[in-house]
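Okay, so here's the structure we're looking at.
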Amino acid sequence: MQEQELIIPNHVAIILDGNGRWAKKKNMPRNYGHTQGSKAVERICEDAYKIGVKYLTVYAFSTENWKRPKEEVDAIMKLLRNYLQTSMKTAKKNNMRVRILGDKSGLSEDITKKINELEEATKNNTGLNLQVAINYGSRDEIVRAIKALSLDIKKNTIEINNIDETVMENYMDTKGIPDPDLLIRTSGEKRLSNFLLWQMAYTEFYFTDVLWPDFDKKELMKAIEYYNGRTRKFGAIY
Ligand code: FPP
């Protein structure tokens, strides 16, 4: 199908997977895979926006990822610091709005500071909306949302009878962001791994064996072609 004939999903979510295996195949250390994975994120942001994607959400670091060896966690945090730093420039150039999903209180102070600065500096940008999930777990997000909601009930700012799905959405990290239309997971794994469980109730899933650092525009187009072959059924019970 020609690119111009395709329906482009408004929101694409990606579980970046396979950095470690990609590096191993090249006899390189895992952290090299993460570095290249981070570059692939930068490239896909540009490609996705050029083809008409408005929202892109990437799963960069989960609440479970802290269990990895300290050396690897430290290297990923360093990459995230660099990423946040360079995003200040690229977001300005590309008119991109960046938001971070996840429990920011669990991150080191300098990273939280960088996140706040980046979110503030890009909040009026009207190009691609990029969400980066860091220290993110969907169950953790739901628990945090329930705690915040409970506090508001206690303060009488909301009544239990008025709680509905829309109210609940206001307490999620993704407040104001439409649900993903398409989820892509690379490296052949077919799991959600605690990613956007609430938000992906009706999302189409696309799995590919390609390892994340090799994922490029061509692979993105394959995912979008797959998406075009699906019948979207909102609210249908399967
Ligand atoms: C996935 O591969 C790697 C992660 C989920 C951790 C870190 C992600 C990045 C460094 C990407 C960079 C993103 C940004 C925004 C800077 P894996 O280690 O699980 O690979 P494996 O399954 O082959 O071991």
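Annotations for the structure displayed:
- The mean sequence distance of close C-alpha pairs (under 8 Å, at least 6 residues apart), as a share of the length of the chain, puts its relative contact order at 28 percent.
- Applying 0.36 nm per residue to the separation of residue 226 and residue 28 and subtracting their alpha-carbon distance, the gain on full extension is 68.0 nm.
- Within the chain, the ratio Rg/Rh, alpha carbon atoms throughout and Rh by Kirkwood, equals 0.96.
- Whichever aspartates and glutamates have a C-alpha closer than 19 Å to that of residue 114, once near sequence neighbours (fewer than 8 apart) are set aside: 42, 74, 103, 173
- GNM remark for the chain: springs join alpha carbons under 10 Å apart, and the peak mean-square fluctuation among 99, 139, 191 falls on 191.
- Computed over the stretch 56-182: relative contact order in percent, which uses C-alpha pairs under 8 Å that are six or more apart: 31
- Each Lys or Arg adds one and each Asp or Glu subtracts one; over the other residues with Cβ under 15 Å from the Cβ of residue 88, this totals +4.
- Cα convex hull of the stretch 185-234, projected area averaged across orientations, nm²: 3.9
- Partner lysines for residue 217 [C-alpha distance under 17 Å; skip if fewer than 8 residues away on the same chain]: 39, 50, 54
- Among 116, 129, 162, the largest mean-square fluctuation in a Gaussian network model of the chain (Cα springs under 10 Å) belongs to 162.
- HN-Hα J in Hz across the stretch 16-26 - Karplus 6.51, -1.76, 1.60, θ = phi - 60°, x for Gly and Pro: 6, 9, x, 4, x, 5, 4, 5, 4, 4, 9
- Among 175, 114, the ranking by other beta carbons within 10 Å of each residue's beta carbon, starting with the fewest, stands as 175, 114.
- Burial ordering of 117, 204, 5, fewest other beta-carbon atoms within 10 Å first: 5, 117, 204
- In terms of distances greater than 26 angstrom between alpha carbons, the cross-link table entries 67/92; 70/104; 24/70 yield 67/92.
- Remark: the stretch 1-90 is approximated by an ellipsoid whose semi-axes, taken from the C-alpha gyration tensor as √(5λ), come to 27, 15, 13 Å, largest first.
- Label point distance in nm, residue 190-residue 150, each placed 7 Å from Cα along Cα→Cβ: 3.8
- Volume per residue for the stretch 110-208 equals 147 cubic angstrom (convex hull of Cα atoms).
Just so you know, all these numbers are worked out from the coordinates, no wet-lab data involved. Everything quoted here is computed from the prediction, not taken from an experiment. Please note: Cβ atoms are built from the backbone with ideal geometry, for glycine as well, and neighbour counts cover all protein chains shown.
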